[in-house]
Amino acid sequence: MLNKAVFIDRDGTLIKDKGYICDFDQVEIFPFSFEAVRMMNENDFKVIVVTNQSSIARGICTEYQVQQLHDKMEELFKSKRSIINAFYYCPFYEHGVIEKYKKRDVCRKPLPGMILKAAKDFNINLNESFMIGDNVKDVIAGHKAGCKTMLVKTGNWCQTKKDLELSKIKPYFISDNVLKAALKIIELSSFNS
């Protein structure tokens, strides 16, 4: 049987967007994120973080630092009875300075590579899954993967609103934050079951 998932962007969605974050002590998790993840767990959704991390290609953070940060985030969520099933990150950026990561790659949103890889790894039905993000790139990646998309206002909403007006792709739902998006997902999935 196929699983359903909620793919969630990291910066601006689950945590405060503070630019390039390399260490866990720089992380500020939105207090409502724990409840949002727990609610999705309780409603049988896999919760998977998908995040562009060009800081690696730019030489700002190492891949090890990003992995450590994600491990600590996962532990903290687990301590709050909220399970994040996996973190997928894209270290590549075509204008980076670290040769190993200096390329265009399908994992970098707005391309859907991370979502498609996670769907394969976790046996996910993308038509019954959702992508939540704070940026038009998240919406485009979700659409390309075949998910319903939700946009939250907790990132740089002024810029996202402008990008949305220029974009032909629209999110399924716009929400104040990830908790309100989770409530909408649960409402929709109970309506469809």
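Laboratory data are not the source of any read-out in this text; all were calculated from the coordinates shown. Small disclaimer: the values here were computed from a predicted structure and weren't measured. Counting neighbours? That spans all protein chains shown, and the Cβs are built from the backbone with ideal geometry, glycine included.
Structure notes:
- Within the chain, percent of DSSP bridges classed antiparallel, to nearest 5: 5
- Convex hull of the chain built on C-alpha atoms - directionally averaged projected area, nm²: 10.3
- 3J(HN,Hα) along the range 91-97, derived from phi through the Karplus expression 6.51 cos²θ - 1.76 cosθ + 1.60 where θ = phi - 60°, amounts to x, 8, 7, 5, 9, x, 10 Hz, with x in place of Gly and Pro.
- Amide H contacts for Lys46 (H built 1.01 Å from N in the peptide plane; partners 5 or more residues away or on another chain; cut-off under 5 Å): Lys4, Ala5, Val6.
- Amide H contacts of Tyr89 (H built 1.01 Å from N, under 5 Å, at least 5 apart or other chain): Thr51
- Over the range 66-168, the ratio between the Cα radius of gyration and 2.2 N^0.38 Å evaluates to 1.18.
- The amide H of Ile132, built 1.01 Å from its N in the peptide plane, has Phe7, Ile8, Asp9, Met150 as neighbours under 5 Å, considering only residues 5 or more places off or on other chains.
- Listed by chain and number, the lysines placed with their C-alpha closer than 28 angstrom to that of Lys161 are Lys16, Lys18, Lys109, Lys137, Lys144, Lys148, Lys153, Lys170, Lys180, Lys184; residues fewer than eight positions away on the same chain are left out.
- Förster-model FRET efficiency, 25 Å R0, Ser79 and Glu165, C-beta, rounded to 0.05: 0.05
- For the range 40-90, radius of gyration divided by Kirkwood radius, i.e. Rg to Rh on alpha-carbons: 1.05
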